1. If packing is taken as the average count of other Cβ atoms within 10 Å, what order do 86-94, 213-221, 187-195 fall into, highest mean first?
2. May I ask you to order 3-15, 281-293, 243-255 by the average number of other C-beta atoms within 10 Å around their residues, highest value first?
3. For segment 1-148, compute the orientation-averaged projected area of the C-alpha convex hull (one quarter of its surface), in nm².
4. Report the antiparallel proportion of the DSSP beta bridges in the chain as a percent, rounded to a multiple of 5.
5. Probe radius 1.4 Å, ligands and nucleic acids ignored: give me the carbon and sulfur share of the accessible area of the chain as a rounded percent.
6. Given an 8 Å cut-off on Cα distances and at least 6 residues of separation, report the relative contact order of segment 114-240 as a percent.
7. Given segment 216-294, what whole percent of its Cα pairs are spread farther than 18 Å?
8. In 10 Å bins starting at 0, how do the alpha-carbon pair distances of segment 127-192 split up by percent?
Amino acid sequence: MTVLVTGGAGFIGSAVVRALIRTRPVTVVNVDKLTYAGNLDSLADVADDPRYRFERVDICDAAEVRRLFEQYEPDAVLHLAAESHVDRSIDGPGAFVETNIVGTFTLLQEARRYWTRLGGFNRERAERFRFLHVSTDEVFGSLGPEGFFTEETAYDPSSPYSATKAGSDHLVRAWQRTYGLPCLITNCSNNYGPCQFPEKLIPLVTLNALAGEPLPVYGRGENVRDWLYVDDHADAILTVLEHGRAGETYAVSGENEQRNIDVVRAICALVDELAPDAGIGPREALIRFVADRPGHDQRYAIDATKIRRELGWQPRETFETGLRRTVAWYLEQRGWWERVRSGGYRGERLGLGAR
């Protein structure tokens, strides 16, 4: 079996690639454009495995995407390639429209072309083929203090990022219903864990706390997020790929709601414990409240009953155990994040053009 993973050098994508290589007898083709968030260092543990391939390809390039399908003849596509940072989408929405909508359209078109041709000479393989699109709970907008997102929640995106992800979800669903392409969609809550780009909340706060630098928190830190450890998410994606029903959507959550300010304080306590520094003192004193983000959703929370009941998936990590593992990883992996912060991970990798 061959699985094509788009965005496999990203945070969640690299976790999925590592999980596939470590736990499944498959060949993995990692397709990544290597934008700022794509980091091949995150795949160092599996890069030399003979079942791993890397292709530096932009999913908006139809000719190159077609070549990938023809060359590798995948049995499944895991589509994770996306622009995903809300603040960046506010400052530059064009890249989000291009990658998240145009890129998804291009991938769907080439997947349909390949799948149709496959059905002409190998019906059994065509029936096994799956296209799994990985999305976000942000497409549903903002919750009040009560209730949860489910697979039936109406879309109500607030940012250019979430609007383009909503658009890509609609495209995938349309290709399933109109053309019969066997697609699945997952909508996940906020991910955290090793190898996350340092602009995101948890790694940013961890590294700033370690250095004794200010810890910026939007508004008063009252916004609530539902946190999912990235390896649990990777396991959920593979569970849906192998056991989910084509045409279905599955909401994935760690069911760990936390206020942003409480997350920041928990990180401060862990860094104080694991990397005490008398010269810095208690890290909580470094917290600085800053002007809130435009269109900042108040609360996200997912009811993951469907994937638990129908597919038997459940997360292994609590927020407490997952956060401790995450903070400890960043403290131990200075080489990884120093190369990211310095840009060294891009400078060494940009010339590869590996295939």
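The values are calculated or read from the model by the stated rules, or taken from the named source; none is laboratory data. In this text the structure is predicted, and so the values were computed from the model without any measurement. Positions of Cβ are backbone-derived with ideal geometry, glycine not excepted, and every protein chain shown enters the neighbour counts. Side chains are part of the model used for accessible areas, which takes the heavy atoms of the whole protein and leaves out ligands, DNA and RNA. Shrake-Rupley method; radii C 1.70, N 1.55, O 1.52, S 1.80 Å.
1. Top of the packing list down: 187-195, 213-221, 86-94.
2. The packing order, highest mean first, is 3-15, 243-255, 281-293.
3. 10.6
4. Approximately 10 percent, going by the DSSP bridge assignments.
5. 49
6. Working: 120 pairs, mean separation 31.4, N = 127.
For segment 114-240, the relative contact order is 25 percent.
7. On the way: 1846 of 3081 pairs.
Percentage above 18 Å: 60.
8. 20, 48, 25, 6, 0
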